[in-house]
Amino acid sequence: MTTTYGFTELPELMGLMTGAEKHGPAATSTLDVLWVLYDRVLRVEPGRSEDPERDRFLLSKGHGPMAYYAVLAAKGFLPVEWLPGFGSYDSPLGHHPDRVLVPGAEIGSGSLGHGLPIAVGTALGLRAQGRVDPAVWVLIGDAELDEGSNHEAIAYAGPAGLDRLHTVVIDNSSASHALPGGIAARFEVAGWSAETVDGRDHEALHAAFTAPHPGRPRVVVARVEPKNA
């Protein structure tokens, strides 16, 4: 009999991972966004990891992946029994996700600034293949916007009209360089559809994730409590 888990069980699943996690705030800041995406938005499921028509979810904010592993376990992508081994030398669940080892992971991540450019390339590749249904989602942290590679990706995706591309920015006030006008404004000026919401409000997140944005890529800035609060 398969055990099913809901959002309220996620802290229990995260509590099974007792490895030397150094990025606790990074893990907990993504929990609500990840749950809403996997529970209500993404067209992905265990056993369809090679389906060309699946949605693609790329975790760029790969440090502190406990919430990601907990959600994947809750949704049946990986065994719950793997969680207590998190961070150990022989565990597939490392301190940064490895797409070769973690079922459901699309990319290996943790080196900040790579996820959004990869997502742009993924959206372009799907367009070139004539695949119009798969959506591409990438989750990044606000501190990643300190990296120039992200700004190149933002500047390209808008004029390219990559409307199957969706970015979620977790804003926990950890960026070193503030963006004039706020994070959403940086995307809007490059032609993106943008919205800023409470990153703990599941209904607000779902509404923002599913809002129409014809002809434009979409960014949702999810504000959560400051990292050092």
Legend entry - Separation of the residue 198 and residue 45 label points, Cα + 7 Å toward Cβ, nm: 3.2 nm
Legend entry - Largest-first principal axis extents, alpha carbons of the chain, Å: 46, 43, 32
Inset, instruction - Take the chain, connect every pair of alpha-carbon atoms lying under 10 Å apart with a spring to form a Gaussian network, then pick out the residue of 71, 136, 100 with the largest mean-square fluctuation. - result: 100
Legend entry - Nonlocal amide H pairs with residue 219, under 5 Å, H built at 1.01 Å: 167, 193, 194, 195
Legend entry - Whole-number accessible area per residue in Å² for the stretch 1-125, which is evaluated in the context of all protein chains at 1.4 Å: 44 Å²
Legend entry - Computed [θ] at 222 nm, deg cm²/dmol, the chain (DSSP H ≥ 4; -39,500 (n - 2.57); rounded to nearest 500): -8500 deg cm²/dmol
Inset, instruction - State whether the stretch 137-229 is rounded, prolate or oblate according to the following rule on the C-alpha gyration tensor (a ≥ b ≥ c being the square roots of its eigenvalues): a/c under 1.5 gives rounded; otherwise a/b larger than b/c gives prolate, and the remaining case gives oblate. - result: oblate
Legend entry - Accessible carbon and sulfur surface of the chain relative to its total accessible area, %, 1.4 Å: 53 percent
Inset, instruction - Give, to the nearest whole percent, the P(r) tail of the stretch 46-173 beyond 16 angstrom, counting all Cα pairs. - result: 63 percent
Legend entry - Residue-count net charge about residue 206 - beta-carbon cut-off 11 Å; Lys, Arg +1, Asp, Glu -1: -3
Inset, instruction - Tell me the GluC sites (Glu not before Pro) within the stretch 48-91 that lie in a loop according to DSSP and have at most 13 other beta-carbon atoms within 10 Å. - result: 50, 53
Legend entry - Cα point-scatterer Debye curve for the stretch 2-110, base-10 log of I(q)/I(0) at q = 0.19 Å⁻¹: -0.94
Legend entry - Inter-label distance for residue 5 and residue 132, nm, one decimal - labels placed 7 Å from Cα along Cα-to-Cβ: 3.8 nm
Legend entry - Paramagnetic reach from residue 53 in the stretch 100-135 [backbone N under 17 Å; point 7 Å along Cα→Cβ]: 126-127, 129-135
Inset, instruction - Rounding to the nearest 20 debye, state how big the charge dipole of the stretch 29-145 is about its Cα centre with +1 on each Lys and Arg Cβ and -1 on each Asp and Glu Cβ. - result: 240 debye
Legend entry - Beta bridge orientation in the chain: antiparallel %, DSSP, nearest 5: 0 percent
Inset, instruction - For the stretch 37-94, state which chymotrypsin sites (Phe, Trp or Tyr not before Pro) are in a DSSP loop and have at most 12 other beta carbons lying within 10 Å of their beta carbon. - result: 89
Legend entry - Inter-part distance where the stretch 142-209 and the stretch 116-130 are each reduced to a Cα centre, Å: 18 Å
Inset, instruction - Given the options 193, 149, 60, state which has the largest fluctuation in a GNM of the chain using a 10 Å cut-off (strictly under) for Cα springs. - result: 149
Inset, instruction - Can you sort 114, 95, 206, 166 by 1.4 Å-probe accessible area, starting with the largest? - result: 114, 95, 206, 166
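The values are calculated or read from the model by the stated rules, or taken from the named source; none is laboratory data. Bear in mind the structure is a predicted one, so any value in this text is a computation, not a measurement. Cβ atoms come from the backbone with ideal geometry, glycine included; neighbour counts cover every protein chain shown. Just so you know, the surface numbers come from the protein's heavy atoms only, side chains and all, with ligands and any DNA or RNA stripped out. Shrake-Rupley method; radii C 1.70, N 1.55, O 1.52, S 1.80 Å.
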